[in-house]
Amino acid sequence: MSINVSPSQLIEDKFIEKLSQAVDEYQIDRDRVTIEITENVFINDLELVTPILNQAREMGFSIALDDFGTGFSSLSYLCNLPITEIKIDRSFIDRLLTSQQSDGLIKAIIAIGDSHTLKVVAEGIESQAQFEKLQQYHCNLGQGYFFAKPVPLEQLTDFRPNI
């Protein structure tokens, strides 16, 4: 389960404690919970955010860098922060089959993830051709309408993806 967290939420007092309590209350394994943050969380608050992310990792949560490649990407984040996965922004996936630049950037992002032992998730997969190309490139995971459209929480327990 992935949770998008804004910079202001992340630095709220006792954020990790509250998240832990909620996960424990619903009996969700922490290693199945990924905190998704965007690169802009680091621009002004790197010193404030780093210990929070380290605490989250120590408690068993995964950390994803969302929309990788669209902001002020710094590869040092991948070396100095407890990031466990990177998510390729859908804007690159949209142009995967029509743009050599997007194709090359996707391959490079996957190679970066592989070299840092990070999971790589492709966002916004909408076609079989995109899915197959990403499989050829050994992208770890994918999400998008190709697999399923969003479903209400009540239907999630009975949900079966298209693939």
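General observations
- GNM top mover of Gln143, Gln27, Gln100 - the chain, alpha-carbon springs below 10 Å: Gln27
- Loop-located chymotrypsin sites (Phe, Trp or Tyr not before Pro) in region 70-163, at most 12 other Cβ atoms within 10 Å (DSSP): Phe72, Tyr145, Phe159
- Cross-link partners of Lys149 among aspartates and glutamates, defined as those whose alpha carbon lies under 15 angstrom from its own and excluding same-chain residues fewer than eight positions apart: Glu123, Glu126, Asp158.
- (1) 16.4, 47; (2) 16.5, 50; (3) 14.9, 46, with the label sought being that of the calculated Rg and Dmax of the Cα atoms in Å: (1)
- Accessible surface for the chain, divided over its residues, is 60 Å² per residue with a 1.4 Å probe.
- The chain, relative contact order in percent, only Cα pairs under 8 angstrom and at least six apart counted: 15 percent
- Percent accessible area from carbon and sulfur atoms, the chain, protein chains only, probe 1.4 Å: 49 percent
- Global form of region 29-100, assessed from the alpha-carbon gyration tensor, a/c cut-off 1.5: oblate
- Taking 0.36 nm per residue of separation and subtracting the Cα-Cα distance, full extension of the segment from Ser91 to Asp31 would add 18.8 nm.
- Sequence of Asp94, Asp103 from largest to smallest accessible area, 1.4 Å probe: Asp94, Asp103
- A helix-only calculation puts the chain at -13000 deg cm²/dmol for mean residue ellipticity at 222 nm, using -39500 (n - 2.57) for each DSSP H run of at least four residues, averaged over all residues.
- Built amide H within the under 5 Å cut-off of His116, gap 5+: none
The values are calculated or read from the model by the stated rules, or taken from the named source; none is laboratory data. Quick caveat: nothing in here was measured; it's all calculated off a predicted structure. Reconstructed Cβ throughout: ideal geometry from the backbone, glycine too, with neighbour counts over all protein chains shown. Accessible surface areas use protein heavy atoms only, side chains included; no ligands, DNA or RNA. Shrake-Rupley method; radii C 1.70, N 1.55, O 1.52, S 1.80 Å.
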